[in-house]
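**Student:** Here it is, the structure in full.
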Amino acid sequence: MSRPYIFCHMMTSLDGKIMGSYMDTPEGEAAGKAFYNIAFGSNPHYQHQGWLSGRMTTDDNFTFYKPPVLDEEAPPVPEGDFVALPNAPMYYVSVDPSGKLGWENSQLTYEDTTAHVLEVLTEKAGNAYKAFLLKLGISYIIAGKDALDYALAMAKLKSLFGIQSLMLGGGGVLNWSFIQAGMCDELSVLIAAAADGSSETPTLFEARSGLAAESPVGFTLKSAEVKEGGSVWLRYTVNK
Ligand SMILES: NC(=O)c1ccc[n+]([C@@H]2O[C@H](COP(=O)([O-])OP(=O)(O)OC[C@H]3O[C@@H](n4cnc5c(N)ncnc54)[C@H](OP(=O)(O)O)[C@@H]3O)[C@@H](O)[C@H]2O)c1
C-alpha cells in the first residue's frame, strides 16, 4: 500500500457526540481512560506512528486559537516539503490547509505521549507561514492546490516520515472527509455510558459542504467489547 493503514479512533457519548460535559461524568472519565489506553497507553491495541487531527481540534486542544507570529518579510523558503525529523516514534499530524495554527513548539505532549508536530498544508499556505514553521523546526508537507490532495498527503507521510499506521483522530469534519475520500480502513469507537443532550456539539461524523459529500457508508462489525465504566468499544471495517 502506498499509504499508511488508517484507523479512526474516537470517543463518543451515547448519542454520538465527540465533545461536551458528558466527558466530566464518572462514566465519561472512565471511558476517556479506556479510549487513551487503546491507542496510547502502556500496552496499546494499536501500534501507530502518528495521529491526524483537524485544524479545529488542534486549536481547541493545543494552539488555543493564538495567531501564528509571522514575518511577512521572511526570505523565500526552499521549494517543497520540510522534513525536520524523519522516523520519529510518534507524529502529531495536523491538517491545516491555509496555515492558521499558532504553534510555539515542534513537540507536544498529550497525557504521557510526546509527538513531533507535522503540518499538512496546501498551496494556500504562504511563504511567511512556512518560514514560521521552519524556524520552529516543525515538519510540513504540501498536498494539493486549494483543496487537500488526500492520496498525495498520505503517500508523503509514509515515504518521507515512515508512518505505516495512522490514527484518524477527529474531529467530525476531518473524519467524515477521510471516510468519503476512501481514506479510512477501520473505525474504532469507544462509546461512553453518558450523554448531555447538547445540540451544539459535533458528532463523530460531520459532512462539511465543499469538503465532503453525504453519501451513505456501511460498516462491518469486527468486534464488540465492554470496557471501563460501562463503556463499549466497537471496531468496524469500512465497507468500500
Ligand atoms: N471525542 C473525541 O475522541 C475527539 C477527538 C478529536 C476531536 N474532538 C473534538 O472535536 C471538535 C472539533 O471537531 P470539528 O469536526 O468541528 O473540526 P475538525 O475536524 O477538528 O477541524 C475542521 C477543520 O480542519 C480542516 N479540515 C478538516 N478536514 C479537511 C479536509 N478534508 N480538507 C481540508 N481541510 C480539512 C479545516 O480547516 P480550515 O477551517 O482551517 O480550512 C476544517 O475547518 C473539537 O472540539 C475537539 O475537541 C473530540
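**Student:** Here are the criteria: (1) touching a residue at least 40 places away in the same chain (Cβ under 8 Å); (2) of a type outside the set (Gly, Ala, Ser); (3) within 16 Å of the ligand (Cβ to nearest atom); (4) more than 19 Å from His116 (Cβ to Cβ). Tell me which single one Tyr65 does not satisfy.
**Tutor:** Every condition holds for Tyr65 apart from (1).
**Student:** So if I check each of Ile142, Ile179, which one is at negative phi and outside the structural domain of Ala39 (by TED's automatic domain parsing)?
**Tutor:** Ile142
**Student:** Can you tell me which of (1) over 18 Å from Tyr36 (Cβ atoms); (2) in contact with a helix residue (DSSP H, G or I) (Cβ under 8 Å, 6 or more places away or on another chain); (3) not small (Gly, Ala, Ser) is the one Ile142 doesn't meet?
**Tutor:** For Ile142, the exception is condition (2).
**Student:** Right, another one. Please verify whether Pro86 is exposed (fewer than 15 other Cβ atoms within 10 Å of the Cβ), in the same structural domain as Ala143 (by TED's automatic domain parsing) and of a type outside the set (Asp, Glu), treating the condition exactly as stated.
**Tutor:** yes
**Student:** Only one residue in Leu108, Leu160, Leu174, Leu101 is open to solvent by less than 30 Å² (accessible area, probe 1.4 Å) and in a helix (DSSP H, G or I). Which one?
**Tutor:** Leu174
**Student:** What pairs come out if I take residues in the range 86-97 that are in a loop (DSSP other than H, G, I, E, B) and pair them with residues that are β-branched (Val, Ile, Thr) whose C-beta lies under 8 Å away, six or more apart or interchain?
**Tutor:** Close Cβ pairs satisfying both conditions: Met90/Thr113; Met90/Thr114; Asp96/Thr58; Asp96/Val120; Pro97/Val120; Pro97/Thr122.
**Student:** Restricting to the range 39-55, what's the tally of residues that are more than 28 Å from Tyr140 (Cα to Cα) and open to solvent by less than 60 Å² (accessible area, probe 1.4 Å)?
**Tutor:** Residues in the range 39-55 being more than 28 Å from Tyr140 (Cα to Cα) and open to solvent by less than 60 Å² (accessible area, probe 1.4 Å): 0 in total.
**Student:** Exactly one condition in (1) surrounded by fewer than 16 Cβ atoms within 10 Å (Cβ to Cβ); (2) part of a loop (DSSP other than H, G, I, E, B) is false for Ala151; which is it?
**Tutor:** (2)
**Student:** Considering every residue within the range 118-134, establish whether at least one is buried (at least 21 other Cβ atoms within 10 Å of the Cβ) and part of a loop (DSSP other than H, G, I, E, B).
**Tutor:** No: the range 118-134 contains no residue that is buried (at least 21 other Cβ atoms within 10 Å of the Cβ) and part of a loop (DSSP other than H, G, I, E, B).
**Student:** Another question about this same structure. Pick out the one residue from Leu190, Leu204, Leu234 that is within 12 Å of the ligand (Cβ to nearest atom), over 17 Å from Ser53 (Cα atoms) and not charged (D, E, K, R).
**Tutor:** Leu190
**Student:** May I pose another question? Out of the range 227-240, which residues are in a loop (DSSP other than H, G, I, E, B) and either under 23 Å from Tyr5 (Cα atoms) or open to solvent by 60 Å² or more (accessible area, probe 1.4 Å) (or both)?
**Tutor:** Those that are in a loop (DSSP other than H, G, I, E, B) and either under 23 Å from Tyr5 (Cα atoms) or open to solvent by 60 Å² or more (accessible area, probe 1.4 Å) (or both): Asn239, Lys240.
**Student:** Quick one: which of Ala224, Ala212, Ala193, Ala207 is open to solvent by 50 Å² or more (accessible area, probe 1.4 Å), of a type in the set (A, V, I, L, M) and assigned by TED's automatic domain parsing to the domain that holds Glu29?
**Tutor:** Unique residue meeting the criteria: Ala224.
**Student:** Only one residue in Ala30, Ala34 is touching a residue at least 60 places away in the same chain (Cβ under 8 Å), assigned by TED's automatic domain parsing to the domain that holds Thr201, crowded, with 16+ Cβ neighbours inside 10 Å and touching a strand residue (DSSP E or B) at 6+ places or on another chain (Cβ under 6 Å). Which one?
**Tutor:** Ala34
The values are calculated or read from the model by the stated rules, or taken from the named source; none is laboratory data. Small disclaimer: the values here were computed from a predicted structure and weren't measured. Positions of Cβ are backbone-derived with ideal geometry, glycine not excepted, and every protein chain shown enters the neighbour counts. Areas reflect the complete protein model, heavy atoms only, side chains present, ligands, DNA and RNA absent. Shrake-Rupley method; radii C 1.70, N 1.55, O 1.52, S 1.80 Å.
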